[in-house]
């Protein structure tokens, strides 16, 4: 039917265009570096060779069922972006609440009253509360540790509400339900007992809204 000009030509189909681009990139990447000019432009050729990771996409042009799936995902991009914006908004709201409740609280931990040292095993260290929360053992006191080298915080400082970006990362981890119970217990340890109900409501509502409701919206858009 033709290559370009005919209405039914090969390159009039989007999947064939993708297949053709992958083919050309593969041919260019297979050319041996013989001439001096080719050696001088070897960095550009290496960059083109990186595009060879698109080779599995050639299967899409030959399997109609995969084309249906890809077209469905492309059509769902607009509503998916709207849901992504909504999820981001929810994460920001909960991150701000976490900042109000727990900013700097994860840097309090137990240290030896005599030597001033904390446990050498970071995984065994947990935050403590100076007026509640987790209490320190005999011979220990709850102190604020300002040095990250000495005590970076839970999970090597990744779990934190010190600023909005780390707070959003912590909230996002809870939304994925990956280790969210550890984060909740760490929050219990770092605050006074009277904040226990507020902290529980914070994390439980986050799971209901963020995990069960929002993520199911994504599945609903894709299935629709």
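No value in this document is a laboratory result; all are computed from the given coordinates. As the structure is a prediction and not an experimental result, all values here were calculated from the model. Don't worry about glycine lacking a Cβ; one is built from the backbone with ideal geometry, like all the others, and counts go over all protein chains shown.
Give me 155, 163 ranked fewest to most by other Cβ atoms within 10 Å of their Cβ, as a rough exposure proxy. It would help to have the intermediate numbers written out before the result.
On the way: 155 17, 163 11.
By the 10 Å Cβ count, ascending: 163, 155.
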- Message: For 20, 213, 106, which order do you get if you count the other beta carbons within 10 Å of each Cβ and list the fewest first?
- Response: 213, 20, 106
- Specify whether the C-alpha gyration tensor of region 67-114 places it in the rounded, prolate or oblate class, a ≥ b ≥ c being the square roots of the eigenvalues: rounded for a/c under 1.5, otherwise prolate if a/b is larger than b/c and oblate if not. oblate
- Message: Just want the ordering: 178, 140, from fewest to most Cβ atoms lying within 10 Å of their own Cβ.
- Response: 178, 140
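Nearest 0.05, what FRET efficiency do residue 192 and residue 218 give at R0 = 35 Å with Cβ-Cβ as r? Present the calculation step by step, with values, prior to reporting the outcome.
On the way: r = 37 Å, r/R0 = 1.07.
Calculated transfer efficiency: 0.40.
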- Note on the structure: Note on region 80-223: alpha-carbon gyration tensor, axes a ≥ b ≥ c; rule is a/c under 1.5 for rounded, else prolate if a/b larger than b/c, else oblate; result prolate
- Message: Tell me whether region 146-211 comes out rounded, prolate or oblate; compute the Cα gyration tensor, take square roots of the eigenvalues as a ≥ b ≥ c, and use a/c under 1.5 as the rounded threshold.
- Response: oblate
